Amino acid sequence: MSAGKVAVITAGGSGMGAAAARRLAADGFHVAILSSSGKGEALAQELGGIGITGSNQSNDDIKRLVDGAMKKWGRIDALVNSAGHGPRAPVLELTDEQWHTGMDVYLMNVIRPTRLVTPIMQAQKAGSIINISTAWAFEPSAMFPTSAVFRAGLASYTKLFADAFAASNVRMNNVLPGWIDSLPATEERRASVPMQRYGKSEEIAATIAFLASAGAGYITGQNIRVDGGMTRSV
């Protein structure tokens, strides 16, 4: 991996976003991390990168992160869009405000940074955008209604993006995790997975790192399930 590669990670202070930042740094990327908790700044310092405490629901905060990466390194090779947690309730009990919040958390979290980073990647004639989605994007679970609805929309957005920017060698793909160890573990959930275990955040990070690499240079517009076989038939 060239020492000049740069990755921007949003919602990267903990969980799968943080694991992705650690893996990309280990692979030789400089990392710029956004998180609302302050943990992203601390992790970026640990990894020798830059961190911003702010929200991926704020265009201004995202711009500060992107501008900081460009000022320090002059390029962005990978963008990893992670997310927090949106509203959960029975589907008819979710208010208009909760649906709008879900869209901010699970769809606009990708659209906002993608608007800023894509022109940079076009100028470079290379770049990879990886979105952390969910295994339930196509077969929704009542447990995660706003996530399922807006990440189904994210799948369409990703295909539209791939159509528009593949010729510029700018790629976008979604990683669809199932039950991962950053979530509370229950025996019922574990038993629903053919591999009979929770996935590891590091396994999601490894998939992200592959999609950011030259080895994935012919992959775009895809939704890649990393769920222990749970949704193998859908």
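Per residue, the average separation of C-alpha pairs within less than 8 Å and at least 6 apart gives the range 72-173 a relative contact order of 35 percent. Here the alpha carbons of the range 43-118 define both size measures, Rg and Dmax, at 15.0, 47 Å.
Calculate, in whole percent, how much of the Cα-Cα pair population of the range 111-198 lies beyond 14 Å.
69 percent
Over the chain, with the other protein chains present, what is the accessible area per residue in square angstrom, probe 1.4 angstrom?
Each residue of the chain exposes 46 Å² on average to a 1.4 Å probe.
Taking the Kirkwood radius as the inverse of the mean 1/r across Cα pairs, report the Rg/Rh of the range 1-137.
Numbers: Rg = 15.0 Å, Rh = 15.1 Å.
Rounded to two decimals, Rg/Rh equals 0.99.
Using the Karplus relation 6.51 cos²θ - 1.76 cosθ + 1.60 with θ = phi - 60°, the per-residue 3J(HN,Hα) values for the range 127-136 come to x, 9, 10, 10, 10, 7, 10, 8, 5, 9 Hz, with x marking Gly and Pro. Does a label point 7 Å from the Cα of Glu97, set along Cα-to-beta-carbon, have any residues of the range 132-151 with amide nitrogen under 18 Å, and which are they? Residues passing the 18 Å test: 146. The H on the amide N of Ile224, modeled in the peptide plane, is under 5 Å from the matching H of Asn174, Val175, Leu176, each at least 5 residues off or on a different chain.
Can you grab the distance from the C-alpha centre of the range 176-223 to the C-alpha centre of the range 96-111, Å, no decimals? Taking the Cα centre of each part, the range 176-223 and the range 96-111 sit 23 Å apart. Among the lysines of the chain, pairs at least eight places apart or on separate chains and with Cα atoms under 17 Å apart come to 5. Using the charge dipole of the chain (Lys, Arg: +1 at Cβ; Asp, Glu: -1 at Cβ; taken about the Cα centre), state which of Ala216, Gln196, Pro90 has its Cα farthest towards the positive end. It is Ala216, whose Cα lies furthest towards the positive end.
Here's how it looks for Gly51: its modeled amide H is under 5 Å from those of Ile33, which are all 5 or more places away or on a different chain. Taking amide H as placed 1.01 Å from N in the peptide plane, the amide H of Gly199 sits under 5 Å from that of Trp179, Ile180, Asp181, each at least 5 places away or on another chain.
Residue-wise HN-Hα couplings along the range 163-178, as the Karplus relation 6.51 cos²θ - 1.76 cosθ + 1.60 with θ = phi - 60° gives them from phi, are 4, 6, 10, 4, 5, 8, 6, 10, 10, 9, 9, 10, 9, 10, x, x Hz; Gly and Pro carry x. Among [x] 1.03; [y] 1.00; [z] 0.95, which one is Rg/Rh (Cα atoms, Kirkwood Rh) computed from these coordinates? Computed from these coordinates, Rg/Rh (Cα atoms, Kirkwood Rh) corresponds to label [z].
Could you work out how far helix 108-124 tilts from the main Cα principal axis of the chain, as a 0 to 90 degree angle to the nearest 10? Relative to the chain, helix 108-124 is tipped by roughly 30 degrees.
Ignoring ligands, DNA and RNA, please state the percent of accessible area on the chain from carbon and sulfur, probe 1.4 Å.
The computed percentage sits at 53.
The values are calculated or read from the model by the stated rules, or taken from the named source; none is laboratory data. Predicted model, so just to flag it, every value in this text is computed and none were measured. With ideal geometry, Cβ positions are generated from the backbone for all residues, glycine too; neighbour counts draw on all protein chains shown. The area values use the complete protein model at the heavy-atom level, side chains included, leaving out ligands, DNA and RNA. Shrake-Rupley method; radii C 1.70, N 1.55, O 1.52, S 1.80 Å.
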